[in-house]
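Working notes, structure below.
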Amino acid sequence: MANIHATAIVDPAAGLGSGVSIGPYCVVGPDVVLGDGCTLLSHVVVDGRTEIGPNTRIYPFASIGHPPQDMKYRGEASRLEIGANNIIREHVTINPGTEGGGMLTRVGNNCLLMVGVHVAHDCIIGNHVIMANNATLAGHVVVDDHAILGGLAAVQQFCRIGKHAMVGGMSGVKSSVIPYGSVRGREAHLSGLNLIGLKRRGFSKDDVSALRRAYRLMFAKEGTMAERLDDVVESFRERQAVMEIVDFIRSDSGNAICQPEEAAAEETTV
């Protein structure tokens, strides 16, 4: 049975799981589904075709599921899916998808979205992602598992942030960030690997050493990126983490990849 404060407005058609708690002055729309144990603390508004998984906790003044900030949006029946065990802090905004982007925005499980985070239409966020205060995703951004975005970081449309990557605070990301990479700067450049994150998550010394050697080869000055990737595959084909970086770069040659600072002006083509 749901616990609904007397001042909350919850549409009778909304789907409420067992143990849902809806605090003072919250508003829940008719097409919303809240999983078991979800908590809306107070002044939270959830609307649109939005489904939120079990045990997600949403703090005051968050706006979840309202129409995207996209001039091309024409009221299409797009959706927002948020997984389980997430923490969504004050003033977070998350918009559903659009016809131009697959009709879906998705946030995975066990994520932390800190104060003022914005997730725009058609973004896909993986599991265990952390977005610090006022980090912003434009439309069609993909953020893979265990990535971290620092405060006030902003990611441009259609960029990809690879798994275990770190985006520094106040960085403007215009190109995709490789898995395990670390980027920083006003116009983000690749500053190396996210070594601290790798160690915290239990990667072995051998894995970290392989990643460091592969990184140096991958972003050497000699040859083209395609040639260097072939060399990396030849030397590190048994190293899963290294091959994830190779596959990431090769998977969409239309996207530029964040480069080290000395090569930031060059475009990467594969």
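The values are calculated or read from the model by the stated rules, or taken from the named source; none is laboratory data. All values derive from a computational prediction rather than experimental measurement. Cβ sites come from the backbone with ideal geometry, for glycine too, and all protein chains shown count toward neighbours.
Here is how the numbers come out for the structure above:
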| read-out | value |
| --- | --- |
| Qualifying positions in region 45-81 - without any contact (Cβ under 8 Å) to a residue 40 or more places away in the chain, closer than 28 Å to Pro24 by Cβ and among the charged types (D, E, K, R) | Asp47, Glu51, Arg57, Arg79, Glu81 |
| Unique match (being closer than 23 Å to Ser78 by Cβ and of a type outside the set (D, E, K, R)) among Pro12, Pro30, Pro24 | Pro30 |
| Qualifying positions in region 50-79 - closer than 18 Å to His128 by Cα and outside any loop (DSSP other than H, G, I, E, B) | Ile52, Arg57, Ile58 |
| Residue, nearest to the chain's Cα centre (by Cα), within region 100-129, restricted to residues that are over 13 Å from Pro68 (Cα atoms) and without any contact (Cβ under 8 Å) to a residue 24 or more places away in the chain | Ile125 |
| Region 250-263: number of residues that are without any contact (Cβ under 8 Å) to a residue 12 or more places away in the chain and part of a loop (DSSP other than H, G, I, E, B) | 2 |
| Residue satisfying condition, being touching a strand residue (DSSP E or B) at 6+ places or on another chain (Cβ under 7 Å) and surrounded by fewer than 22 Cβ atoms within 10 Å (Cβ to Cβ), within set Gly162, Gly202, Gly150, Gly169 | Gly150 |
| Among the candidates Asn110, Asn85, residue that is within 29 Å of Leu149 (Cα to Cα), out of contact with any Ser or Thr (no Cβ under 8 Å at 6 or more places or on another chain), assigned to a loop (DSSP other than H, G, I, E, B) and at pLDDT 95 or above | Asn110 |
| Members of region 1-25 that are of a type in the set (A, V, I, L, M, F, W, C), modelled with pLDDT of 95 or more and within 17 Å of Asn55 (Cβ to Cβ) | Ala2, Leu16, Val20, Ile22 |
| Those residues of region 205-249 which are among the basic types (Lys, Arg), more than 21 Å from Asn194 (Cβ to Cβ) and either part of a helix (DSSP H, G or I) or touching a helix residue (DSSP H, G or I) at 6+ places or on another chain (Cβ under 7 Å) (or both), in sequence order | Arg237 |
| Count - residues of region 228-257 that are at pLDDT 95 or above and surrounded by fewer than 12 Cβ atoms within 10 Å (Cβ to Cβ) | 4 |
| Answer residue from region 88-106, given it is in a loop (DSSP other than H, G, I, E, B) and surrounded by fewer than 19 Cβ atoms within 10 Å (Cβ to Cβ) and is modelled with the lowest pLDDT among those | Gly102 |
| Every residue from region 188-225 that is within 23 Å of the chain's Cα centre (by Cα) and over 18 Å from Val177 (Cα atoms) | Lys199, Arg200, Arg201, Gly202, Phe203 |
| Matching residues, region 214-227, being in contact (Cβ under 8 Å) with a residue 12 or more places away in the chain and either closer than 20 Å to His164 by Cβ or surrounded by 15 or more Cβ atoms within 10 Å (Cβ to Cβ) (or both) | Ala214, Tyr215, Leu217, Met218, Phe219, Met225 |
| Gly75 in contact with a strand residue (DSSP E or B) (Cβ under 9 Å, 6 or more places away or on another chain) and either of a type in the set (Gly, Ala, Ser) or at pLDDT below 95 (or both) | no |
